[in-house]
Amino acid sequence: EVITVGDLANRMAERGADVVKSLMRMGVMATITQTIDADTAELVVQELGHRPVRVAESDVEIGVMGNEDVAEDLVSRPPVVTVMGHVDHGKTSLLDALRKTDVAGREAGGITQHIGAYQVQLKSGSKITFIDTPGHAAFTEMRARGANVTDVVVLVVAADDGVMPQTIEAIRHAKAAGVPIIVAINKCDLPSAKPDRVRQELLQHELVVEGMGGDVLDVEVSAKAGINLDKLEEAILLQAEILELKANPRRTADGVVVEAKLDKGRGPVATVLVKRGTVKVGDIVVAGSEWGRVRALVNDRGINVPDAPPAMPVEVLGLGGVPLAGEEMVVVDSESRAREITEYRARKKREAESAKSGRGSLEQMFKQIQAGEAKELPIVIKGDVQGSVEAISGALEKLTAEHTEVKVRVLTSGVGAITESDITLANASKGLVVGFNVRANPQARDMAKRDGVEIRYYSIIYNIIDDVKQMLTGMLSPTL
Ligand code: GDP
């Protein structure tokens with residue numbers, strides 16, 4: 001396995017230029033984007049005063065996934081609720097009204113902060129966590145990133161309006177996620193309210209409420225007049241009981257980012273819902289491709305707290321950058337571990353992105369060569385004059401990496417601009433295209449972009465030879 005100079009610099013938290021300089025002192029000429037082998041990397045790491053550790057990818061993955069909990073460590077945790085429904089049916093009003101039912105917050109003081117989620121404590125002592133972004137857009141986006149934080153969906157339907165397109169959408173999304181729905185029939189304070197009509201309409205979407213022989217809980221509420229909010233909360237807790245929501249609060253914590261931003265004064269701020277374990281100030285955390293030491297945890301009342309147990313929303317301060325909503329956050333045992341994981345994730349992300357855009361057929365080839373499944377690197381060569389094209393082809397074909405048997409295979413070579421047929425050829429063999437003093441025409445450029453074929457331009461023959469040599473050796477370096 002190889003590592004680019006830039007990646008290595010990131011892992012050590014050193015400047016790329018310093019790593020390049022250090023390499024130069026060792027007689028290795030490489031730019032930030034070029035790859036170096038593991039032995040060279042190890043030397044540079046030592047030279048810069050770090051301790052080199054070689055890790056296998058699987059090792060990193062285990063660290064990210066964590067282990068499973070045993071039943072006796074599990075304790076009940078509050079449910080996490082997302083409010084969905086048609087526009088203007090009262091989602092925001094309901095979230096505001098429910099927020100005011102919190103008894104603990106009133107005693108503890110503090111000013112309501114919109115951090116993306118909040119928790120209410122009921123008179124009974126039970127707690128409910130609400131995601132503060134209503135609607136199915138956020139819900140779907142989070143799911144798309146693999147985050148299923150929502151335990152229960154509260155579907156708001158205005159009693160004076162009935163089931164509308166976004167109501168149906170919301171039902172679909174909740175059902176697709178396998179999340180139970182509780183129906184809040186809102187605006188029941190209005191004389192025009194027809195809650196029974198709502199129940200009837202819901203039938204057509206396979207949502208059968210209890211009163212009609214089904215098992216879907218429904219509550220007639222008014223967000224505006226504050227009617228039956230306690231009944232709605234009871235229904236949520238009842239549903240939670242059925243779901244047997246439990247988590248082990250005494251384990252290495254992980255959670256999900258529900259919102260994140262760059263705050264002028266406080267730096268990157270991520271609102272996190274802990275899923276398992278307890279996050280504490282001072283913990284080293286990785287969130288998505290960012291990491292940091294938790295400097296402070298701030299709750300939904302703007303109050304600093306020492307730790308956050310499962311389902312308690314908190315703002316996490318201290319990350320190096322802003323993660324994405326829906327990304328996973330994990331606590332790790334050391335900074336070097338955090339770097340490893342973020343680097344690993346960044347690489348996975350790059351790979352996923354290149355796979356998505358079709359890019360990476362060359363990368364695929366590199367992998368095959370690494371795995372010993374391929375023994376040659378296919379190249380298309382185009383140049384401005386026949387003489388140089390021949391010289392390049394000849395030199396590359398003679399090239400065999402030291403200690404390896406991987407060779408260059410020239411797919412075709414010729415004079416003139418890089419055309420679509422060159423791209424097609426390179427793509428079919430998962431190779432790359434080299435242009436010597438020529439460029440690709442616009443169609444070829446578009447095609448290369450679409451198909452993920454790499455085009456490299458050169459004006460010095462030596463640089464081609466050198467780069468290709470590096471590719472051949474780099475591809476076969478041992479794992480770093
Ligand atoms: P959202 O688009 O679903 O978030 O809906 P909003 O919470 O913004 O509410 C839309 C409108 O309905 C606002 O003018 C609210 O004042 C009003 N509204 C919300 N809940 C109630 C209610 O329970 N009764 C009445 N009469 N109006 C309500």
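Over the chain, DSSP H runs of length four or greater, each weighted -39,500 (n - 2.57), average out per residue to a 222 nm ellipticity of -11000 deg cm²/dmol.
Here the mean projected area of the convex hull built on the C-alpha positions of the chain is 28.1 nm². Got a sec? Charge dipole of the chain, +1 on Cβ for Lys and Arg, -1 for Asp and Glu; which of 303, 97, 200 is way out at the positive end? Value computed over the given set: 303. Sorting 14-23, 444-453, 248-257 by average packing, meaning the other beta carbons within 10 Å per residue, from highest down gives 248-257, 444-453, 14-23.
Its relative contact order, with pairs defined as Cα atoms under 8 Å and 6+ residues apart, puts region 380-434 at 47 percent. Straightening the chain between residue 462 and residue 264 buys 66.4 nm, computed as 0.36 nm per residue apart minus the Cα-Cα spacing. Taking label positions 7 Å along the Cα-Cβ direction at both residue 388 and residue 31, the computed distance is 1.7 nm, reported to one decimal. The relative contact order of the chain, computed from alpha carbon pairs under 8 Å that lie at least 6 residues apart in sequence, is 14 percent.
Within the same chain, lysines fewer than 8 places from residue 275 are excluded, and of the rest, those with a Cα less than 19 Å from its Cα are 127, 246. The stretch between residue 92 and residue 280 holds 64.6 nm of extra length on full extension. This uses 0.36 nm per residue minus the Cα-Cα distance. Using Cβ point charges alone (K and R +1, D and E -1), the dipole size of the chain about the Cα centre works out to roughly 900 debye. Each Lys and Arg Cβ is given +1 and each Asp and Glu Cβ -1; about its Cα centre, region 383-468 then shows a dipole of about 180 debye.
Highest mean first, the peptides 72-79, 407-414 sorted by other C-beta atoms within 10 Å per residue fall in the order 407-414, 72-79. With Cα atoms as the point set, the radius of gyration and Dmax of region 418-476 evaluate to 11.9, 34 Å. The charge dipole of region 221-302, taken about the Cα centre with unit charges on the Cβ atoms of Lys, Arg (+1) and Asp, Glu (-1), comes to about 420 debye, rounded to the nearest 20. Just so you know, the Rg over Rh for region 76-178 is 0.99, from Cα atoms, with Rh as the Kirkwood radius. Across all directions, the average flat footprint of the convex hull enclosing the Cα atoms of region 168-282 is 10.9 nm². Using the Cβ-Cβ distance between residue 334 and residue 205 with R0 set to 60 Å, the FRET efficiency works out to roughly 0.75. Segment residue 347..residue 38, full-extension length gain: 109.6 nm, with 0.36 nm per residue of separation and the alpha-carbon distance subtracted.
When the charge dipole of the chain is built from unit charges on Cβ atoms (+1 for Lys and Arg, -1 for Asp and Glu) and taken about the Cα centre, the candidate among 152, 388, 122 whose Cα reaches farthest toward its positive end is 388.
Evaluated over the Cα positions of region 391-455, the convex hull gives a direction-averaged projected area, one quarter of its surface, of 4.7 nm².
No value in this document is a laboratory result; all are computed from the given coordinates. Remember, predicted model here, so these are calculated numbers, not experimental data. Note that each Cβ is placed from the backbone with ideal geometry, even for glycine, and that neighbours are counted across all protein chains shown.
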